[in-house]
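Working notes for the structure below.
FYI, it's all coordinate maths here, none of it is from the lab. Note that the structure is a prediction, hence the values are computed from the model and not measured. Cβ: placed from backbone, ideal geometry, glycine included. Neighbour counts: every protein chain shown.
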There are 2 protein chains.
Amino acid sequence: MKPPERPLRIAEIFGPTIQGEGALIGQPTVFVRAGGCDYRCSWCDSMHAVDSAYRDSWAAMDAAQVWARVRELSGGRPLTVSISGGNPAIQDFGPLIAMGRAEGYAFALETQGSIARDWFAQLSVLVLSPKPPSSGERPDWAAFDACLAAGQGAGAVVLKIVVFDDADYAWARAVADRYPGLDLVLQPGNPEVDPDLPVAAQDVADRLLWLVDKVMAEGWFRPRLLPQLHVLLWGNKRGV
Amino acid sequence: MKPPERPLRIAEIFGPTIQGEGALIGQPTVFVRAGGCDYRCSWCDSMHAVDSAYRDSWAAMDAAQVWARVRELSGGRPLTVSISGGNPAIQDFGPLIAMGRAEGYAFALETQGSIARDWFAQLSVLVLSPKPPSSGERPDWAAFDACLAAGQGAGAVVLKIVVFDDADYAWARAVADRYPGLDLVLQPGNPEVDPDLPVAAQDVADRLLWLVDKVMAEGWFRPRLLPQLHVLLWGNKRGV
C-alpha cells in the first residue's frame, strides 16, 4: 500500500512575475518557495524559508492545494513554475510537477545539489547551485554528482554559482572545470539581504561590473554573467 | 570569375565584454558594429553607426582584417561574436562568418529584418528586431518574412521588440501573435541616448518595472522581459 502523501511545507507562492536570475532570467513565472533547508549560508537571502524560527509561517499544503494556487495565480495559462527554497529537494515535489505537466505547465527548480530526487528528470530546467566558500558551507560532491545524474532526463541542467569575492571566484573556476559540459551562470553575491531595507540599483550594477571586469580580464568566455534582476527591481522585498 | 570582395564598413570592433541584451544576455562576446543603416529610428542609440555624418569614422576593412582584430581581442579563444550596426545585413558578412566558424567561433547577428542574406543560416543566433511605431519606421513584412526564411538554418531565431509606450506594446503583441513559433524578448526602450551623459541605474530599473507590470497584468507569459545590461553598467558609453 502506498504511504499517505506528506504535506509540503510552503514558505510562499507568488507571481506571476519574472524570473530574476539564472538561465531563465526575464521569463514569466510563478514561484513556489519551499520551507526548510539543510544549509545555513552566511549570506542567505531567503532566511524566511530556511530558519526554523520561521517554521510557523510555513503552510502545510498537499500537492493539489499548491497546484490549485499556482493555477489560480496564472489564470490557468501555462507558464514555467519556479520551485525554490530553502532547498526544495528536501521534500517530494514529484506529485506537484506531475499535476502541472499534465496541464501544460513547465517546472524549473533550483537546489544546491545536496539531495538527489528521481523527479529531477521531469523538470524543464534543473539549476544546480553549489555554494562557494563565502557561504560557510561545503558541498558534498558525491551528492552533487547524484543530483546531476538524476537530472539527466531534464530539459537542461545549469550550473549557477554565486561569487562574492576572489576566493569564491577561484573556486567557481575550479568547479566549472570539473563540469565542462554544463551551461554556466555566474552571479555576483548580494550582501544586502534585509527585506526591509532598499537596495540601490547602482549597487546591483557595480557588483556585476566587478564580476564582468574580472572574468573578461582572464579571457574566460564560458560563463554567462547575470545580475539578480528582482533585486534591481524590488530590492529584497518578498512576494515579487 | 568571382567579383573582388568589397571592403566592409566597420563603425567599431570592441570587447570582450558581455552581451547586454536579448537572448544571449550576459554572454561574453566581441562586438563587430557595421556602419550604415536603411532605417532612421527616432530613438536610435547607435547613430554613430547609422548617420552618414559619421561615415568618415567608419573603417574600410576586408573580412580578413576584421577577423584578425576579433581574434586579437579574444586572444584566439573561441567565443560568440555579435554582429550589430546599423543594419549589418546591408553588407556581406558571409566571408567573416566562414573564417570565424572555421576556428570554432560562433556568430550572432541582430537586424531589423529588412534585408535577407543567405549567410543568416550560418549564425548561431539570428535576432530579428522589427521596429515599433515609436521609431517612426514601418517594417516591410515581406522582407521580414524573407529574413525568417533565410534564417531557417540558424541555431536559433529570436524576435526582439523594443517597447517605449502603450502603442508599441499593442503592436508588439500583434507582431508576436503573427510569429507564434519564435522565441520572444521584449525590451523597454531607452530614451536617454546621449553617449556623453550618464544614465541612472534606477531609470533602467524603472523602465523594466513598467514593462513587467504591464505584461504580468495581462497574463501574457510568452515574452522574456529583459533590460539593457550594458546601459545599466556603462550608460551609453561606447566601446564597452
At 10 °C and 1.306 mPa s, what whole-number value in µm²/s does Stokes-Einstein give for the translational diffusion of the protein assembly as shown, with Rh from the Kirkwood sum over Cα pairs?
68
Could you tell me the relative contact order of region B:63-204? Use alpha-carbon pairs under 8 Å, at least six residues apart, and round to a whole percent.
18
Quick check: the distance between the Cα centres of region A:208-240 and region B:183-221, to the nearest angstrom?
17
Go ahead and estimate [θ] at 222 nm for the protein assembly as shown from helices alone: -39,500 (n - 2.57) per DSSP H run with n ≥ 4, summed, over the residue count, rounded to 500.
-8500 deg cm²/dmol
For region B:167-240, listing trypsin sites (Lys or Arg not before Pro) in a DSSP loop whose Cβ sees at most 16 other Cβ atoms within 10 Å gives B:LYS237, B:ARG238
Round to the nearest 0.05 the FRET efficiency obtained for A:SER52 and B:ARG238 when R0 = 35 Å and r is the Cβ-Cβ distance.
0.10
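Can you tell me the FRET efficiency between B:ASP213 and B:ALA64 if r is taken as the Cβ-Cβ distance and R0 is 60 Å, rounded to the nearest 0.05? Let's see the in-between values first.
Working: r = 49 Å, r/R0 = 0.82.
In this case the efficiency is close to 0.75.
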The FRET efficiency for B:ALA174 and B:ALA121, from their Cβ-Cβ distance with R0 = 22 Å and rounded to 0.05, is 0.20
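Nearest-5 percent of antiparallel DSSP beta bridges in the protein assembly as shown? Walk me through the numbers on the way to the answer.
On the way: 18 of 68 bridges.
DSSP beta bridges in the protein assembly as shown are roughly 25 percent antiparallel.
Over all directions, the average projected area of the alpha-carbon convex hull for region A:8-234 comes to how many nm²? If you can, show how the numbers build up before the last one.
Details: hull surface 46.4 nm².
With the hull built on Cα positions only, its mean projection is 11.6 nm².
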State the cysteines of chain B left without a partner when partners are defined as other cysteines whose beta carbon lies under 4.7 Å away.
B:CYS37, B:CYS147
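Net charge near B:PRO7: determine it from the other residues with C-beta under 14 Å of the C-beta of B:PRO7, scoring Lys and Arg +1 and Asp and Glu -1.
Values: positive: B:ARG6, B:ARG9, B:ARG55, B:ARG69; negative: B:GLU5, B:ASP62, B:ASP92.
Result for the neighbourhood of B:PRO7: +1.
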Post the alpha-carbon centroid distance, region A:1-75 to region A:123-177, in whole angstrom.
20
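Sorting check: for B:108-117, B:7-16, B:60-69, which peptide has the highest mean count of neighbouring beta carbons within 10 Å, and how do the rest follow?
On the way: B:108-117: 23.2, B:7-16: 19.9, B:60-69: 16.7.
Going by the mean number of other Cβ atoms within 10 Å, highest first, we get B:108-117, B:7-16, B:60-69.
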Nearest to the axis that maps chain B onto chain A: list the chain B residue whose Cβ wins, with the distance in whole angstrom.
B:ALA201, 2
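Using Cα pairs under 8 angstrom and six or more residues apart, how large is the relative contact order of chain B, in percent?
Numbers: 480 pairs, mean separation 43.8, N = 240.
Relative contact order for chain B comes out at 18 percent.
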Within 10 Å of each Cβ in B:218-230, the average number of Cβ atoms from other chains
5
